[in-house]
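The values are calculated or read from the model by the stated rules, or taken from the named source; none is laboratory data. Computed from a prediction, not measured in an experiment: that's the story for all the values here. Cβ placement follows ideal geometry from the backbone for every residue including glycine, while neighbour counts extend to all protein chains displayed.
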Amino acid sequence: MATKRDYYEVLGVSRNASKEDIRAAFRKLAMQYHPDRVPAEKKKEAEERFKEISEAYAVLSDDQKRAQYDQFGHEGIGARYSYEDIFRGADFTSIFEDLGFGTSIFEEIFGDFGFFGTGRRSSRRTGRGRDLQFDLEISFEEAARGTTKTLVVPRYEVCSTCRGEGTKPGTKKVECSRCRGTGQIKVAQGFFTLTTTCASCQGEGYRIQTPCPTCRGQGREKVERRIEVKVPPGVDTGAHLRLSGEGEAGPTGVRGDLYIVIYVKPHPLFERHDDDIYLELPVSFVTACLGGEVEVPTLNGNVKMKIPPGTQSGKVFRIRGKGFPRLHSAGQGDELVRVIVEVPTALTAEQKKLLRDFAVTLDEASLPLTRSFQEKLRHLFK
Ligand SMILES: [Zn+2]
Ligand SMILES: [Zn+2]
């Protein structure tokens, strides 16, 4: 076992270096030894140096670990922290982003270690495919009644040629030579021996020599799948429908979910407020005066509605049970009909005369709104 070098020496800083000094020193060395930045023949050496400086930085940039190291040296660190713990919490990401490197170098060098939370690790581990999201536009009536739609969803599925194996049919996977089929690599690090996921085979333990021609070894292929979506009655814009397991297949064949986001097209006549629908209905001035019956459109055909004599413009009538079905409970909303009394236009001379003759017969008793208005006005200036 090689003797472990002093962390301060590794980074080339003094024992009383500030946090900024340590960060700057690591930054400089990371640039120098990044394995992607050295010639191929120096790569192995650079990787070793890179590990060494990363470990030194992880310890010295953390107050607690640095104190432990200052007091007890490498043995103190080894006694208290696992190799993985040494790196936990160390901020490599901002330095690397700063330098324009990805953090994938860590996975290459250290294997599947996961102290960065890059997201790749967890998806590889669970192997679950991506969730998919689609927008679905439906009409106002479809939202009220419910509907079934067929969507064409492009997604990854398990390759039908190789059944997800990734190998050309008739050929076999070969054991990974780096990890000898175990999927894991043991690395000696000074006092530590740690086991990491083999980076050559991503922990699978094998490699594909003759890839499947359909999926090029991926084990998945892109297909356009027709999927039937049942939209329940009562949905509104923004509703999410989750179709479990209809998302993409992951590397291990486990599928994500499919989310359908509903968009309900506006209606030319109706407006929706929760489970009720609103309608503005023009009613003739004569019907409003004398009362009568009018036809009112609803989501399921016309219904007749009584207009009482003397109905004022703006009056709202409620037709029970003609709204939207309640999505999460029994029953229906209502239809609210707002009457707009229509003032006739383009009158003939004769019609105008009739109205003038009619007007002179009116007094306050026939004009309730005028009467109450005048009353309020009198109080105001008393
Ligand atoms: Zn295939
Ligand atoms: Zn391997």
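At pLDDT 90 or above, assigned by TED's automatic domain parsing to the domain that holds Val286, aliphatic (A, V, I, L, M) and assigned to a helix (DSSP H, G or I): which single residue out of Leu369, Leu347 fits that description?
Leu369
Would you please list the contacts, defined by Cβ atoms under 6 Å and residues six or more apart or on different chains, that run from a residue in region 286-305 that is touching a residue at least 40 places away in the same chain (Cβ under 8 Å) to a residue that is surrounded by 10 or more Cβ atoms within 10 Å (Cβ to Cβ) and not in a strand (DSSP E or B)?
What qualifies is Ala288/Thr311; Leu299/Ala144.
Can we say Thr252 is surrounded by 14 or more Cβ atoms within 10 Å (Cβ to Cβ), modelled with pLDDT of 85 or more and either over 34 Å from the mean Cα position of the chain (by Cα) or not in a strand (DSSP E or B) (or both)?
Against the criterion (surrounded by 14 or more Cβ atoms within 10 Å (Cβ to Cβ), modelled with pLDDT of 85 or more and either over 34 Å from the mean Cα position of the chain (by Cα) or not in a strand (DSSP E or B) (or both)), Thr252 does not qualify.
I'd like the residue in region 150-173 that is surrounded by 15 or more Cβ atoms within 10 Å (Cβ to Cβ) and away from ligand 1 (no atom under 16 Å from the Cβ) and, out of all such residues, is farthest from Leu269 (Cα to Cα).
Val153
If I go through region 50-72 residue by residue, how many of them are part of a helix (DSSP H, G or I) and either in contact (Cβ under 8 Å) with a residue 40 or more places away in the chain or outside the structural domain of Asn16 (by TED's automatic domain parsing) (or both)?
Number of matching residues: 12.
Can you find even one residue in region 166-176 that is among the charged types (D, E, K, R) and at pLDDT 90 or above?
yes
Here's the yes/no breakdown for (1) surrounded by 11 or more Cβ atoms within 10 Å (Cβ to Cβ); (2) out of contact with any strand residue (DSSP E or B) (no Cβ under 7 Å at 6 or more places or on another chain); (3) more than 30 Å from Ser366 (Cα to Cα):
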position: Leu290; (1), (2), (3): yes, yes, no
position: Asn300; (1), (2), (3): no, yes, yes
position: Ile307; (1), (2), (3): yes, no, no
position: Gly310; (1), (2), (3): yes, yes, no
position: Ile319; (1), (2), (3): yes, no, no
position: Ser329; (1), (2), (3): no, yes, yes
position: Gly333; (1), (2), (3): yes, no, yes
position: Ile340; (1), (2), (3): yes, no, no
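Are any residues in region 347-370 surrounded by fewer than 10 Cβ atoms within 10 Å (Cβ to Cβ) and over 22 Å from Thr311 (Cβ atoms), and if so, which ones?
Thr348, Ala349, Glu350, Arg356, Asp357, Val360, listed by residue number.
Among Gly234, Gly203, which is away from ligand 1 (no atom under 16 Å from the Cβ) and modelled with pLDDT of 85 or more?
From the options Gly234, Gly203, the qualifying one is Gly234.
Find all pairs meeting these conditions: Cβ atoms under 6 angstrom apart; at least six residues apart or on different chains; first residue within region 1-27 and in a loop (DSSP other than H, G, I, E, B); second residue of a type in the set (Ser, Thr, Tyr).
Taking only residues 6 or more apart or on different chains, the pairs are Arg15/Tyr8.
Could you check how many residues of region 184-239 are part of a loop (DSSP other than H, G, I, E, B), over 14 Å from Thr167 (Cβ atoms), hydrophobic (A, V, I, L, M, F, W, C) and within 16 Å of ligand 2 (Cβ to nearest atom)?
2
For residues that are more than 30 Å from Val231 (Cβ to Cβ) and at pLDDT below 95, tally how many sit in region 311-328.
Residues meeting the conditions: 0.
List the pairs whose first member sits in region 154-182 and is without any contact (Cβ under 8 Å) to a residue 60 or more places away in the chain, whose second member is within 16 Å of ligand 2 (Cβ to nearest atom) and of a type in the set (Phe, Trp, Tyr), and whose Cβ atoms are under 6 Å apart, counting only residues at least 6 apart or on separate chains?
Partner pairs satisfying both residue conditions: Lys173/Tyr206; Glu175/Tyr206; Cys176/Tyr206.
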